[in-house]
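The values are calculated or read from the model by the stated rules, or taken from the named source; none is laboratory data. A quick note: this is a predicted structure, and the numbers were derived from the prediction, not measured. Backbone-built Cβ (ideal geometry, glycine too); neighbour counts: all protein chains shown.
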Amino acid sequence: MKTITTVLELQNLIRSYMDNGRTVGFAPTMGALHNGHMALMNASAAENDITVCSIFVNPTQFNESSDLEKYPRTLDKDQKLLKNNKVDIVFAPHTTEVYPEDLDTTLSIDFNGLDSEMEGEFRPGHFAGVAQVVKRLVDIVTPDNLYMGQKDFQQFSIIQYMLNHIDSKTKLRVVPIIRESNGLAMSSRNMRLSASMKETAKEIYKVLKYVKRNKYRENARNLESYAMQRLAKTDGFKPEYFTIADGYTLQKIDRVKDSEYAVACTAVWAEGVRLIDNIILRKPRKMDIFVK
Ligand code: AMP
């Protein structure tokens, strides 16, 4: 495994692999890696000859500077983990490599409303930053396949839209959510939770599963208000939203049975940490972006 910090060196190495007909899978991350990230690496290693993982805490996607400052940075530990998980190249660039002064990397894509609901409502500018960094990294790495987690449902939906919009040759592959044994979705931010809150936080997945079990029994507004109330009643939780949406448009739907692709997404504050999670309520059989 090689760790590379400059764009030039990375591109030379990747070009040498691609010139030899090797396929490249790429998983962008912000580090503080856990088994959720490793699922992306494993999916990439299974489907490509070469796996590249980037570790870059992207300043342009943080709408609160305190969140950016508090974001965990554990590069040495991350490198050890990646080495044991079939990763060939770690790209750990400095901010000036990703955003050189003489390069305009801002994007002006209209995401057709995908970026305005849910996370978009509570984290203004977040998705503009995410799209900017993923586009820049994909331009650098030129992967055959791009690996992202279902954990960030709105994020991968927006990136899929962007790849289509720019007619990219890179294919998006989405990896299912990896959870702790109690059901809490793994996240780098979980390290900031106390042990007792990590236990309490399993309630989020329980509520998501309840909603899935009852998706055809109640209309979406009733399910959302039940979920919000149950989360608000949980000790130490401050739910921000619980939304049942169409999986293609991310707009709210009234009844799950009216959408062939439907998802429930939520964000909950606990001990000053913002936890997000989701569950797919319905998925069309022929959707090929999801890794099995
Ligand atoms: P992050 O480092 O938080 O930006 O995440 C990097 C990638 O890992 C994103 O595509 C996330 O969706 C994915 N990811 C994070 N946590 C999980 C998880 N628990 N299960 C699956 N994928 C995840």
Test: residue in region 180-194 that is outside any helix (DSSP H, G or I), within 15 Å of the chain's Cα centre (by Cα), closer than 18 Å to Val291 by Cβ and within 16 Å of the ligand (Cβ to nearest atom): yes
Breaking point among (1) under 25 Å from Gly120 (Cα atoms); (2) hydrophobic (A, V, I, L, M, F, W, C); (3) more than 16 Å from the ligand (Cβ to nearest atom), for Phe62: (3)
So Gln251, is it surrounded by fewer than 20 Cβ atoms within 10 Å (Cβ to Cβ), closer than 24 Å to Asp288 by Cβ, within 16 Å of the ligand (Cβ to nearest atom) and not aromatic (Phe, Trp, Tyr): no
Number of positions in region 158-182 that are within 22 Å of Ala45 (Cα to Cα) and not polar (S, T, N, Q): 12
Count of region 127-174 residues which are within 12 Å of the ligand (Cβ to nearest atom) and either among the small types (Gly, Ala, Ser) or modelled with pLDDT under 95 (or both): 3
Strands (runs of 3 or more DSSP E) enclosed by region 226-283 - at least 1 residues per element that are touching a residue at least 24 places away in the same chain (Cβ under 8 Å) and charged (D, E, K, R): 237-246, 273-282
Candidate set from region 34-45 (those that are hydrophobic (A, V, I, L, M, F, W, C) and surrounded by fewer than 24 Cβ atoms within 10 Å (Cβ to Cβ)); member that is nearest to the ligand (Cβ to nearest atom): Ala39
Leading residue by the ranking (farthest from Pro28 (Cα to Cα)) among those in region 117-134 that are part of a helix (DSSP H, G or I) and acidic (Asp, Glu): Glu121
Test: residue in region 129-147 that is over 30 Å from Asp19 (Cβ atoms), of a type in the set (S, T, N, Q) and touching a helix residue (DSSP H, G or I) at 6+ places or on another chain (Cβ under 9 Å): no
Hits in region 81-105 (condition: surrounded by fewer than 12 Cβ atoms within 10 Å (Cβ to Cβ) and either in contact with a strand residue (DSSP E or B) (Cβ under 6 Å, 6 or more places away or on another chain) or closer than 23 Å to Tyr161 by Cα (or both)): Asp104
Flag if Asp139 is acidic (Asp, Glu) and surrounded by 16 or more Cβ atoms within 10 Å (Cβ to Cβ): no
Filter pass, Glu199 being acidic (Asp, Glu), more than 16 Å from the ligand (Cβ to nearest atom) and surrounded by 15 or more Cβ atoms within 10 Å (Cβ to Cβ): no
Qualifying position, being under 19 Å from the mean Cα position of the chain (by Cα) and not assigned by TED's automatic domain parsing to the domain that holds Asp144, among Thr266, Thr200: Thr266
